[in-house]
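The values are calculated or read from the model by the stated rules, or taken from the named source; none is laboratory data. In this text, all values refer to a predicted model and were calculated from it rather than measured experimentally. All Cβ positions, even for glycine, are placed from backbone atoms using ideal geometry, and neighbour counts span all protein chains on display. Calculation scope for accessible area: heavy atoms of the full protein, side chains included, ligands and nucleic acids excluded. Shrake-Rupley method; radii C 1.70, N 1.55, O 1.52, S 1.80 Å.
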Amino acid sequence: MDTTVSYPFNHGDGLALDDAYTEARERPGLTRVRLPFGEPGWLVTRYADARQVLGDRRFSTQLGTQHDWPRVIPMRAEMGILGLDAPDHPRLRRLVAKAFTATRVEQLRPWVRNLARELLSGLKEQGDTADLVEQFALPFSVQVICELLGVPPQDRPKFRVWTDWVFSTTPISPEEFMANHAAFRGYMASLVEARREEPRDDLISALIRAQDDEDRISADELVDLGNSLLLAGHETTAAQVGNFVDVLLHTPGGWQRLLDDPDLVPSAVEELTRFVPLMSGSVFPRYAAEDIEVGGTLVPAGEGVLVSLGSADRDPARFREPDTLDLGREQNPHLGYSHGAHHCFGAALARVELQEALRALLDLMPGLRVTGEIAWKPQVAVRGVSKYVVGW
């Protein structure tokens, strides 16, 4: 009997984690799933199994290029650095580590803090209500990542169109797909070339300078890195600003607790990252390079595994009362930024942005509340509000 089930599970408005994940965690073994496009795969939903797959280099992302890998759109988007294994992946990671240091990110914090406060002060001057997404979360995240990479201010609106295209799960024509893809890569290639000729104090220039005899980077690899940083740094952070506010305002006592104890903001950001299932489903499968047992299931060589970070972070075997938002939760080893070789290299920046966005909102808009329409993004890989009207 075929026990393959349709995936992804999360549907509809809001940020709820579908009950199907709980059922999958409680069943022995892994769950066989089929997405709208591509071949079937194995779904990992438990924390220990997720850590195993993400940390085991016998699971390859690069092998996915040899497969019709499971996905929610007809076209196969390029995975960039996410689609590389050793030796190329660690070589590029080392370069990013040299250029994108924790010190560099912390040096940005005062600028990020001021930006958040300037944007919110501007909203207060315009009236007493605003769309938190369009007028704060999106411009905030776009300006931060573009400032880091050195994208000129006049070019920054273009990235809204490109990120909407990349993260949408709504079918688009091959012509639209290729046109957006070419425009995005073309822009980044021109930016890289400009920084080679005239370096500045930005991340693209730092990546170029970080090269040495051991760690070299091609023009295409630099373009891919820039694309990955722009897309991930814009869309996911913008989505989480709105998501975090929504969760805090709809959790009894949530917003007030941070008003009473602002020092909880760093731990609150970690807990909200754990609690919010950001992705509508798992993306970018890993393929077994040999037969490997995971959670009692033998995954044959050449078969793909999808890891649900959102489900793993709600596993009661790892987290006490996982479905409860605990803003002061201690020892919070969530997988919100993944794990292992492909741990998000922008995690430090994301934490700074989310912390400073929350602090600014708490300080400047302590009476924040929903006063108008809430709309959720339809059919997207990254879940979040598309409109969130608030007053203060």
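Values as computed for the structure displayed
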read-out	value
Residue match in the stretch 9-20 (condition: of a type in the set (Gly, Ala, Ser), modelled with pLDDT under 95 and open to solvent by 30 Å² or more (accessible area, probe 1.4 Å))	yes
Residue that is surrounded by the most Cβ atoms within 10 Å (Cβ to Cβ), among those in the stretch 40-81 that are modelled with pLDDT of 95 or more and in contact with a His (Cβ under 7 Å, 6 or more places away or on another chain)	54
Residue 373, sole failed condition from (1) modelled with pLDDT of 95 or more; (2) open to solvent by 10 Å² or more (accessible area, probe 1.4 Å); (3) within 18 Å of residue 137 (Cα to Cα)	(1)
Any hit, the stretch 376-388, residues being open to solvent by 30 Å² or more (accessible area, probe 1.4 Å) and assigned to a helix (DSSP H, G or I)	no
Hey, residue 153 under 25 Å from residue 359 (Cβ atoms), surrounded by fewer than 17 Cβ atoms within 10 Å (Cβ to Cβ) and modelled with pLDDT under 85 or not	yes
Residue tally, condition over 30 Å from residue 80 (Cβ atoms), part of a loop (DSSP other than H, G, I, E, B), open to solvent by 40 Å² or more (accessible area, probe 1.4 Å) and not basic (Lys, Arg), over the stretch 287-333	8
